[in-house]
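Participant: I'd like to ask some things about the structure below.
The values are calculated or read from the model by the stated rules, or taken from the named source; none is laboratory data. Everything quoted here is computed from the prediction, not taken from an experiment. Neighbour counts are summed over all protein chains in view; Cβ atoms, including those assigned to glycine, are modelled from backbone coordinates with ideal geometry. These area figures cover heavy atoms from the full protein model, side chains too; ligands, DNA and RNA do not enter into them. Shrake-Rupley method; radii C 1.70, N 1.55, O 1.52, S 1.80 Å.
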Amino acid sequence: NSLKEGGIYMQVTRGIASRNFALLEGLKPTIMAFAFECNVIEHEFAKSGVNVISTADLRWKRRDIKSISLLAQCLAKQEAIKAKAFEAFMVENALVTEASSSSAFIIKNNTLITKPFSNEILPGIRRKNILKFAKELGLRVDQRAFSMKEVYEADEVFISAATFLILGVIKADSKVIKDGQVGFYTQKLREKYIEKILKETA
C-alpha cells in the first residue's frame, strides 16, 4: 500500500457465534488488521511537548488484558479533549495508574519512576525498552505508583505509545512542569527509541 511511515493495528476476537456471554468451545478466531499512516519519527509534538489533565480511572480490574472494551479510556480521552489537552492521566486512590491511551513516566532527581507491572496496567514492549534505555543513560529506575503532586513537581514527565514512541509533558492540570520545556532525558530516551526502530526497519 506504499505506506512509508505509520502503524499496524491487529485485533483477534474469540470468533463468530450467536450472542452468548459464555466462552464457547470450538470457535475459529476472527483476525482483523489494517495499516495507517502517521508521523512516528517526526511527531508534531516531539519538540514542543504536550499537556495533560488528571481524571478518575473508571476501568475494570483486569487492565493487563488487551481488550476492545475501551469505554473508560474513551471517556478519559474525551475529558482531555474538552480541556484542550493531549492526554489524560487516570488516577485511582490518589495515584496515577496510566494515561488513557499511553503509559506515564516521571523523572525526579535522576530517577525514572513508573508504576510496576500488575493487573492494574497494560504491559507493553515500549515500557520494557524505556526501562532498559533509562539504565543505559545512567538513570535509576523506581517502579512504583506516583501522585499528581509528584507529576507537578517532577523534573521531567513523559508518555509513551506505539504511534509516537515518547512525548514530553510540559504541563499537567494547567501547572507548568519544571521550565515548561521537554526534558533532557526525555529527549535522549526518544532518540534511543528512534535509533532502535530505524535499525529494526532498515
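Participant: Any idea of residue 201's accessible area? Nearest 10 Å², probe 1.4 Å.
Facilitator: Rounded to the nearest 10, the figure is 110 Å².
Participant: Ignoring ligands, DNA and RNA, please state the percent of accessible area on region 153-202 from carbon and sulfur, probe 1.4 Å.
Facilitator: Its accessible area is 50 percent carbon and sulfur atoms.
Participant: If you don't mind, another one. Residue 112's amide H: which non-local residues (gap 5+, or another chain) put their own amide H closer than 5 Å, with H modeled 1.01 Å from N in plane and none for Pro or chain starts?
Facilitator: Amide H neighbours of residue 112: 140, 141, 142.
Participant: Quick check: from the Cα gyration tensor, does region 66-202 come out rounded (a/c under 1.5), prolate or oblate? Mind showing how you got there, number by number?
Facilitator: Working: a/c = 1.44, a/b = 1.18, b/c = 1.22.
Judged from the Cα gyration tensor, region 66-202 comes out rounded (a/c under 1.5).
Participant: Could you rank 16, 121 by how accessible they are, 1.4 Å probe, largest area first?
Facilitator: 16, 121
Participant: What does the extension gain come out to for residue 81 and residue 64, with contour length at 0.36 nm per residue minus their alpha carbon separation?
Facilitator: 3.6 nm
Participant: Go through region 165-177 residue by residue and turn each phi into a ³J(HN,Hα) via Karplus (6.51, -1.76, 1.60, θ = phi - 60°); whole Hz please, and just put x for glycine and proline.
Facilitator: The phi angles translate into 6, 9, 10, x, 9, 9, 8, 9, 6, 6, 9, 6, 7 Hz.
Participant: Using amide H atoms built 1.01 Å from N in the peptide plane, name the residues 5+ places from residue 169, or on other chains, whose amide H lies under 5 Å from its own.
Facilitator: 50, 157, 158, 159
Participant: If exposed means no more than 15 neighbouring beta carbons inside 10 Å and the site is in a DSSP loop, what's the longest run of the chain without any exposed GluC sites (Glu not before Pro)?
Facilitator: 45-152
Participant: Right, here's the next one. Calculate for the chain the 222 nm mean residue ellipticity that helices alone would give, adding -39,500 (n - 2.57) per DSSP H run of length 4 or more and normalising by residue count, nearest 500 deg cm²/dmol. Intermediate results must be reported in sequence, preceding the final value.
Facilitator: On the way: 4 runs with 47 residues, N = 202.
When only DSSP H runs of four or more count, the value is -7000 deg cm²/dmol.
Participant: Accessible area, 1.4 Å probe, largest first: how do 152, 193, 9 sort?
Facilitator: 9, 152, 193
Participant: Further question on the same structure: How many angstrom lie between the Cα centre of region 1-25 and the Cα centre of region 94-122?
Facilitator: Centre-to-centre distance over Cα atoms comes out at 28 Å.
Participant: Now for a different question. When ligands, DNA and RNA are left out and all protein chains stay put, how many square angstrom of accessible area per residue does the chain have with a 1.4 Å probe?
Facilitator: Per-residue value: 61 Å².
Participant: Kindly identify region 1-83 as rounded, prolate or oblate by the Cα gyration tensor criterion: order the square roots of the eigenvalues as a ≥ b ≥ c, call it rounded if a/c is under 1.5, otherwise compare a/b with b/c, prolate if a/b is larger, else oblate.
Facilitator: It is oblate, given that a/c is not under 1.5 and a/b is not larger than b/c.
Participant: Rounded, prolate or oblate, given the Cα gyration tensor of region 27-136, with a/c below 1.5 counting as rounded? Don't skip to the end; give the middle numbers.
Facilitator: Details: a/c = 1.23, a/b = 1.19, b/c = 1.03.
Rounded, since a/c falls under 1.5.
Participant: Okay, next question. Which whole-Hz couplings ³J(HN,Hα) result when phi for each residue of region 74-88 is put into the Karplus expression 6.51 cos²θ - 1.76 cosθ + 1.60, θ = phi - 60°, listed in order with x for Gly and Pro?
Facilitator: 5, 5, 5, 4, 5, 4, 5, 4, 4, 8, 6, 10, 7, 8, 10
Participant: Next question. Let me have the relative contact order for region 1-73, percent, based on Cα pairs under 8 Å that are six or more residues apart.
Facilitator: 31
Participant: Using alpha-carbon positions, what is the distance between the centroids of region 140-155 and region 185-202, in Å?
Facilitator: Centre-to-centre (Cα) distance: 24 Å.
Participant: If each residue of separation counts as 0.36 nm, what is the full-extension length gain between residue 17 and residue 147 once their alpha-carbon separation is subtracted?
Facilitator: So the chain would gain 42.4 nm between residue 17 and residue 147.
Participant: Counting other C-beta atoms within 10 Å, and keeping those with at most 11, which DSSP coil trypsin sites (Lys or Arg not before Pro) do you find in region 18-126? Mind showing how you got there, number by number?
Facilitator: On the way: sites: 19, 47, 59, 61, 62, 63, 66, 77, 82, 84, 108, 126; in loops: 19, 47, 59, 61, 62, 63, 66, 84.
Counting only loop positions with at most 11 other Cβ atoms within 10 Å, the trypsin sites (Lys or Arg not before Pro) in region 18-126 are 19, 61, 62, 66, 84.
Participant: Report relative contact order for the chain in percent, whole number only (criteria: Cα-Cα under 8 Å, sequence separation at least 6).
Facilitator: RCO, the chain: 20 percent.
Participant: Here is a further query. What are the residues whose amide H is under 5 Å from the amide H of residue 89, where those residues sit 5 or more places off or on another chain and H is modelled from the backbone?
Facilitator: 53, 54, 55
Participant: Right, something else. Along the Cα-to-C-beta direction of residue 199, a point sits 7 Å from the Cα; which residues of region 113-141 have their amide N less than 19 Å from that point?
Facilitator: Output list for this probe position: 125-139.
Participant: Which order do 166, 194 take by accessible area at a 1.4 Å probe, largest first?
Facilitator: Result of the area sort, largest leading: 194, 166.
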